[in-house]
Amino acid sequence: MANIKSQKKRILITKKENTNNISKRSKVKNMIKKYETAIAENNVELATEMLPQVVSVIDSAKSDGVYKQNTVSRKVAHLSKLLSDLKKAE
């Protein structure tokens with residue numbers, strides 16, 4: 001444990017931020033899992049409705065500093081491609 005007062009505060013802040021980031025990452029992962037489940041069930045309507053919601057959650061995580069821009073772009077492109085491939089298959 002640190003001896004300096006400012007460093008003790010910093011440790012507490014880092015712990016709190018880490019907890020928040022884990023929570024936000026978990027929320028993104030859960031949304032992606034639900035979306036991929038809709039894709040796996042060939043439910044085009046549900047997947048089409050969910051895509052903007054999933055992208056919104058991912059973008060909010062990016063704005064909070066949880067993800068970098070390239071990671072967000074990669075995730076959104078992957079999810080969009082899944083929906084696009086599903087629509088082509090029908």
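Calculate for the chain the 222 nm mean residue ellipticity that helices alone would give, adding -39,500 (n - 2.57) per DSSP H run of length 4 or more and normalising by residue count, nearest 500 deg cm²/dmol. It would help to have the intermediate numbers written out before the result.
On the way: 3 runs with 77 residues, N = 90.
Using -39500 (n - 2.57) per qualifying helix, the result is -30500 deg cm²/dmol.
If I compute Rg/Rh (Cα atoms, Kirkwood Rh) from the structure I just sent, which labelled value in (i) 0.99; (ii) 0.94; (iii) 1.20 lines up? Computed from the coordinates, Rg/Rh (Cα atoms, Kirkwood Rh) corresponds to (iii). Across the cross-link table entries LYS27/LYS75; LYS27/LYS62; LYS29/LYS75; LYS29/LYS68; LYS29/LYS87; LYS9/LYS29, which are compared at the Cα atoms, the separations over 21 Å belong to LYS29/LYS87; LYS9/LYS29. The lysines within cross-link reach of LYS8, meaning a Cα-to-Cα straight distance under 24 Å and a gap of 8 or more places when in the same chain, are LYS16. Taking every alpha-carbon pair under 8 Å whose residues sit at least 6 apart, the chain reaches a relative contact order of 28 percent.
Bear in mind that the values in this text are calculations on the coordinates, not laboratory data. All figures in this text were calculated on a predicted structure; none of them were measured in a lab.
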